[in-house]
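Enquirer: What follows is a structure written as structure tokens; I'll ask about it next.
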Amino acid sequence: MSDTANKPAAPSRRKAGRHRGEGQWAAGHFTPLNSNEQVKKDDDGLNVRTRIETIYAHRGFSAIDGQDLRGRMRWYGLYTQRRPGVDGGKTAVLEPEELEDEYFMMRVRIDGGRLTTAQLRVLGEISQEFARGTADITDRQNIQYHWVRIEDVPEIWRRLEAVGLSTTEACGDTPRAFLGSPVAGIAADEIIDGTPALEEMKRRVVGNKAYSNLPRKFKTAISGSPQLDVAHEVNDVSFVGVEHPEHGPGFDVWVGGGLSTNPRIGVRLGAWVPLEEVPDVHEGIVKIFRDYGYRRLRNRARLKFLVADWGAEKFRRVLEDEYLLRKLIDGPAPEQPARQWRDHVGVHPQRDGRCYVGFAPRVGRVDGATLSKIADLAEAHGSGRVHTTPHQKLIILDVEPDRVASLTEGLEALGLTTTPSVFHRGTMACTGIEFCKLAIVETKARATWLIEELERRLPDFDEPLTINVNGCPNSCARIQTADIGLKGQLVIDGEGRQVEGYQVHLGGSLGLDPGFGRKVRGLKVTAEGLADYVERVLRRYLEAREPGERFAT
Ligand code: SF4
């Protein structure tokens, strides 16, 4: 691991600009242009670990330096959580210290969603001992705890690391957890297994100080599944399995996707990369982001803004000419997937004759005790592998066909179904006001209520449908890509009161014809009126749909 580079070696070919420009290091702009850049320059985020272990965990919350508390602790997956009872109307007006509690949200990175039952048991034990039983599955395949005390962090790390897990760079301006196909290496229909590349990318860049000061977060996805199961369209870089007519299986490269307040679908570079070259290409793209990424304005710092300005052609040229020092091979685009659902829920064949079994916690919410029971079931029925998916679901791998019925029965007993309703299956929710300091409204409990209402009101609705519920405009639950996206905000109800509600986005999708949902002008629903509104939209669709027509508005 290099300990040198928070800056690229000053490239002689690049001259410092005369003005501040976009704050690109490659243009010589090394002077921090905002407070976040200053914090990162003052001390690398990775260095906070020593202070947590030697000072903060012993002296307690009040001893934590402000820059570390609201900045560098993210490099180890730690955010302060929202103080209970602070309503959404205060989010934008209170100072951070008034909004935050003395407890932390802790994110454990699960690259590729790959877990063993031994790891799952440890995750469950930590949840019960140190996180009041909380354990949410995120849409980036991670596990997220709440109620963590700073005093317990070193012991949690010790237990995680003993089973090969970590929180390093789970948050912060870093290479975040890598999305990977949760059925990599086993699915009968797989084009190529990206796992060796995922492991090597992780080994090269995670926890490496050459890449621990990026302009913003950097999200990677890789999948060789024809089901396009890692939301490749909205990651900073994605490697998507394709069959090259001459060279065989490899990966199509996408860059510059991302959601939040300026959503963009990634663009194809038109390049085909064999498995063994993926880590080089990935590292080259991380370097481009580090060197050329915009650091002046934080809300223009994601890679998508650079890609939008350069275009795919220039991006590929810079990657080839300045970083790889060779040309890439042209390649084909991925094909349309056969299935409409990409979450792997249900029972599916593996290439070795066994099965994998995907099941659905409601809106990603499980708890520590349930994780341990899932581990028991996986050991009794499979080989001890349980994977998380980018759709807040779980999969037990390697189940003999004659053990499937017993497993699904055991899962049902835990409230985890392999045959969820459309609404249960297709609804995702972010953390929301329960714990998130940026939230304006409640999400998980409301989404759970919405699922139950829709199941009761529309029991026969069987069209694949996604409903994504976010607590603020940040889009952690990918609102713009859902059939029905709900963005939390305060709205005025029929009696003129300010209440929790949602801006509605309709008709988003991912896939080969991806697009963002249209913000329905002026259409805001109160939280209380949400089920009535969604029911109305769906009934109207049922009445008007043509044979074979998908839900679209
Ligand atoms: Fe928090 Fe907003 Fe992200 Fe939800 S979308 S987790 S409320 S930042």
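Enquirer: If I filter region 506-533 down to residues being of a type in the set (A, V, I, L, M) and within 21 Å of residue 261 (Cα to Cα), which single residue comes out as surrounded by the fewest Cβ atoms within 10 Å (Cβ to Cβ)?
Expert: Applying the first criterion (of a type in the set (A, V, I, L, M)) to region 506-533 yields 506, 510, 512, 520, 523, 525, 527, 530-531.
Subset that is within 21 Å of residue 261 (Cα to Cα): 506, 510, 520, 523, 525.
On the way: 506: 17, 510: 21, 520: 15, 523: 13, 525: 19.
It comes out as 523.
Enquirer: Turning to a different aspect of this structure: Is there a residue in region 486-505 that is surrounded by fewer than 21 Cβ atoms within 10 Å (Cβ to Cβ), closer than 16 Å to residue 89 by Cβ, polar (S, T, N, Q) and more than 16 Å from the ligand (Cβ to nearest atom)?
Expert: There is at least one residue in region 486-505 that is surrounded by fewer than 21 Cβ atoms within 10 Å (Cβ to Cβ), closer than 16 Å to residue 89 by Cβ, polar (S, T, N, Q) and more than 16 Å from the ligand (Cβ to nearest atom).
Enquirer: Also: In the set 280, 252, which member is within 18 Å of residue 176 (Cα to Cα) and not in a loop (DSSP other than H, G, I, E, B)?
Expert: Working: 252 fails: within 18 Å of residue 176 (Cα to Cα).
Selected residue: 280, the only one of 280, 252 that is within 18 Å of residue 176 (Cα to Cα) and not in a loop (DSSP other than H, G, I, E, B).
Enquirer: So, of the residues in region 193-224 that are of a type in the set (S, T, N, Q) and in a loop (DSSP other than H, G, I, E, B), which turns out to be surrounded by the fewest Cβ atoms within 10 Å (Cβ to Cβ)? Even if it seems obvious, please write down each step before you answer.
Expert: First, the residues of region 193-224 that are of a type in the set (S, T, N, Q): 195, 208, 212-213, 220, 223.
Remaining after also requiring in a loop (DSSP other than H, G, I, E, B): 208, 212-213.
Numbers: 208: 19, 212: 26, 213: 23.
Within region 193-224, the match that is surrounded by the fewest Cβ atoms within 10 Å (Cβ to Cβ) is 208.
Enquirer: Let me spell it out: the conditions are (1) modelled with pLDDT of 95 or more; (2) within 16 Å of the ligand (Cβ to nearest atom); (3) not small (Gly, Ala, Ser), and residue 437 meets all of them except one. Which number is the exception?
Expert: With respect to (1) modelled with pLDDT of 95 or more; (2) within 16 Å of the ligand (Cβ to nearest atom); (3) not small (Gly, Ala, Ser), residue 437 is out only on (1).
Enquirer: For residue 295, work out the one condition from (1) modelled with pLDDT of 95 or more; (2) within 21 Å of residue 331 (Cβ to Cβ) it doesn't fulfil.
Expert: It is condition (2) that residue 295 fails.
Enquirer: Need at least 3 residues that are closer than 24 Å to residue 204 by Cα per element, so show me which strands (runs of 3 or more DSSP E) inside region 93-172 make the cut, counting only ones lying wholly within it.
Expert: Details: elements: 100-108, 114-116, 134-137, 143-148.
Ranges flagged: 100-108, 114-116.
Enquirer: Can you pull out the residues in region 440-469 that are assigned to a loop (DSSP other than H, G, I, E, B) and more than 13 Å from the ligand (Cβ to nearest atom)? I'd like the intermediate steps shown before the answer.
Expert: Restricting attention to region 440-469, the residues satisfying the condition of being assigned to a loop (DSSP other than H, G, I, E, B) are 440-443, 458-466.
Within region 440-469, 458, 459, 460, 461, 462, 463, 464, 465, 466 meet the criteria.
Enquirer: Of the conditions (1) surrounded by 21 or more Cβ atoms within 10 Å (Cβ to Cβ); (2) under 16 Å from residue 361 (Cβ atoms), residue 452 satisfies every one except a single condition; which number is it?
Expert: (1)
Enquirer: Quick one: residue 281 ticks every box in (1) free of Cβ contacts under 8 Å to residues at least 60 places away in the same chain; (2) touching an Asp or Glu at 6+ places or on another chain (Cβ under 8 Å); (3) buried (at least 19 other Cβ atoms within 10 Å of the Cβ); (4) farther than 25 Å from residue 515 by Cβ bar one, so which box is it?
Expert: (2)
Enquirer: Quick one: in region 474-484, of everything that is touching a strand residue (DSSP E or B) at 6+ places or on another chain (Cβ under 8 Å) and within 7 Å of the ligand (Cβ to nearest atom), which residue is farthest from residue 92 (Cα to Cα)?
Expert: 477
Enquirer: If residue 336 satisfies all but one of (1) out of contact with any helix residue (DSSP H, G or I) (no Cβ under 7 Å at 6 or more places or on another chain); (2) at pLDDT 95 or above; (3) within 29 Å of residue 249 (Cβ to Cβ); (4) surrounded by fewer than 22 Cβ atoms within 10 Å (Cβ to Cβ), what's the number of the condition it fails?
Expert: (2)
Enquirer: Now for a different question. Can you list the strands (runs of 3 or more DSSP E) lying wholly within region 472-553 that have 1 or more residues being touching a Cys at 6+ places or on another chain (Cβ under 8 Å)?
Expert: Working: elements: 484-492, 498-506, 518-526.
So the answer is 484-492.
Here's the yes/no breakdown for (1) surrounded by 17 or more Cβ atoms within 10 Å (Cβ to Cβ); (2) under 30 Å from residue 158 (Cβ atoms); (3) at pLDDT below 95:
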site	(1), (2), (3)
10	no, no, yes
17	no, no, yes
27	yes, no, yes
40	yes, yes, no
45	yes, yes, no
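The values are calculated or read from the model by the stated rules, or taken from the named source; none is laboratory data. Owing to the predicted nature of the structure, the values given are computational and were not obtained by experimental measurement. We place every Cβ from the backbone using ideal geometry, glycine too, and count neighbours over all the protein chains shown.
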